[in-house]
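As structure tokens, the structure follows; a few thoughts come after it.
The values are calculated or read from the model by the stated rules, or taken from the named source; none is laboratory data. This is a predicted model, so every value here is computed, not measured. Don't worry about glycine lacking a Cβ; one is built from the backbone with ideal geometry, like all the others, and counts go over all protein chains shown. For the accessible areas, the whole protein counts, side chains as well, though only heavy atoms, and no ligand, DNA or RNA atoms are used. Shrake-Rupley method; radii C 1.70, N 1.55, O 1.52, S 1.80 Å.
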Amino acid sequence: MADWSILVVVGVAIVVVVLLIVRFHVNPVIALALGAAGIGLGSGLGAVGTVETMASGFGETMAEAGLLIAWGVLIGSLLNRMGAVERLVHALLKAFGPKGVPYAIGLSFATYLQTIFVDVMIVIAAPLARRIAPRLGKAGTGIMATMFAISLETGIALMVPGIGAVMIAASLGIPLGQMMLFGLIVVIPTVAISIFIMTIALRAGFWNPERDEQEVIDDSNAGDAARSVAGATSAVPVQGGGRGKDGTVLQAEAAVETNAGPTPDRKGQLPLIVLFAPLLFALLLIAAGAILDVVEIEVPAMQFLGSPNIALLLGVIGTALVGRWAIGGKDLERALVHGFKDAGQIFALTGVGGALAAIIAAGELGDLLTGYFGASAFAPILLVWVIAAILHVAVGSVTLSAMTAAGILAPVAATLGLNPILIGLAAGAGALFCIHVTSNTFWLLQMFLGQSVRGALKTVTVGVSVASIVALGMVLVLSVFL
């Protein structure tokens, strides 16, 4: 099959998927599945090969992320039901004020709260963002969604222990200490500047609450509370539902409040740190396990406890025990039921996204692009950014595109006397460019933060692309001193 035809097939399929979702309101799960099937058939995999590759991609993705999403959803639901999120919002607002909250949370996510698994952080912290958003004005949902997207993706690609940053360092032989130090130097200004730029744009009219926010679909029966934004059964905006003076969706906020449930009026309310302690402990176990793995130190107990699936399971158990005291057995059970409901469509989207990525990878588009660009040595920092950006647009994987781009120009960097850390950071920055419908993160942010697909294209695709360009600028500045 000719090289150009592979590029055309993938490009047309991605455009069709976007049109099906945005213009014709086709459910994202169905649209992504159709796109994957179209690419498989158009690239010569054949009917049997297409089906097998889609099934394999779905299964592999769910094997890696299924339990993580389930545990994360349950922890988030329990914390929400206990009122922990609301109390944390008040604490953050009191400490930083409404204008400072997005920066405080964003820098935290991108640096010391970078816990490798972006999906888990989204499902756990989304209720926090939905409660802060109304206090930021009409563009509040867009600002919070942009903050999530920029900080989480930038952290995973550029900041140790983000998995992208760790794998880039390994492929280029960069000491992890250096990757962490210089990554921090790039990440802090990148996140702050990018959030600032997007906040100005969103408040200047780039964000339209009527079209960019996703209202809750009330699928409840008599006596059953409306489900949260995370549990919406369709990505199609719903007409109706009032809006407040600040443009926020009253129906969605009410659903979030209902899902949270009233916190019992108990004497001696548990301190906020106690409510979050099981989650923080789980994250520490994951980080410790990752560090021991990177430095190749084998501690059997930590290998077990630091496994993300086990650590987050312990987090669920611990949070449930705290919740039984804080809200009682009945409300605890309701929170778990809501959590399982909310996980359903997330599982489907995550799996189908994996199927689409597997189909694209089977077409060897990454190898094709590598062949086109890998021989040039012109402006290596800029070139590695461009290669990583193109690879990411094609295959939808931040980690894969960053590693491939860094590996291409590593020998060139050595001959030019260029510090490998610059190549690694440029690759990570390029891999952030144009996160779109092939990314699981895109769909998680779209659903959990109450956005329409149009809104997610603004906050995730445009927002993280701005961060990608800002990060490139930071790397070029850093190259003057290295």
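The set of residues in the range 430-440 that are under 18 Å from Gly35 (Cβ atoms) and either at pLDDT below 85 or surrounded by 24 or more Cβ atoms within 10 Å (Cβ to Cβ) (or both) comprises Ile435, His436, Val437, Thr438, Ser439, Asn440. Mind listing whichever residues of the range 42-76 are of a type in the set (Ser, Thr, Tyr), at pLDDT 80 or above, in a helix (DSSP H, G or I) and open to solvent by less than 40 Å² (accessible area, probe 1.4 Å)? If the condition is that a residue be of a type in the set (Ser, Thr, Tyr), at pLDDT 80 or above, in a helix (DSSP H, G or I) and open to solvent by less than 40 Å² (accessible area, probe 1.4 Å), then Thr50, Thr53 are the ones that fit. Do we have any residue at all in the range 268-279 that's modelled with pLDDT under 75, aliphatic (A, V, I, L, M) and buried (at least 18 other Cβ atoms within 10 Å of the Cβ)? So far as the range 268-279 goes, no, none of its residues is modelled with pLDDT under 75, aliphatic (A, V, I, L, M) and buried (at least 18 other Cβ atoms within 10 Å of the Cβ). Within the range 442-466, being touching an Asp or Glu at 6+ places or on another chain (Cβ under 7 Å) and open to solvent by less than 20 Å² (accessible area, probe 1.4 Å) holds for Leu444, Gly450, Gln451, Ser452, Gly455, Val464. Filtered by the rule that a residue be buried (at least 22 other Cβ atoms within 10 Å of the Cβ) and part of a helix (DSSP H, G or I), the range 154-165 gives Thr154, Gly155, Ile156, Ala157, Leu158, Gly164, Ala165. Quick one: in the range 181-194, which of the residues that are surrounded by fewer than 24 Cβ atoms within 10 Å (Cβ to Cβ) and in contact with a helix residue (DSSP H, G or I) (Cβ under 8 Å, 6 or more places away or on another chain) is farthest from Leu476 (Cα to Cα)? Among residues in the range 181-194 that are surrounded by fewer than 24 Cβ atoms within 10 Å (Cβ to Cβ) and in contact with a helix residue (DSSP H, G or I) (Cβ under 8 Å, 6 or more places away or on another chain), the one farthest from Leu476 (Cα to Cα) is Ala192. Count of the range 377-398 residues, restricted to those that are small (Gly, Ala, Ser), at pLDDT below 75 and open to solvent by less than 20 Å² (accessible area, probe 1.4 Å), is 2.
Mind listing whichever residues of the range 304-357 are in contact with an Asp or Glu (Cβ under 9 Å, 6 or more places away or on another chain) and either open to solvent by 20 Å² or more (accessible area, probe 1.4 Å) or modelled with pLDDT of 90 or more (or both)? Gly323, the sole residue that qualifies. The combined condition, being at pLDDT 80 or above and open to solvent by 10 Å² or more (accessible area, probe 1.4 Å), is not fulfilled by Tyr112. For Trp443, the conditions (1) over 14 Å from Pro380 (Cα atoms); (2) at pLDDT 85 or above; (3) assigned to a helix (DSSP H, G or I) all hold with the exception of (2).
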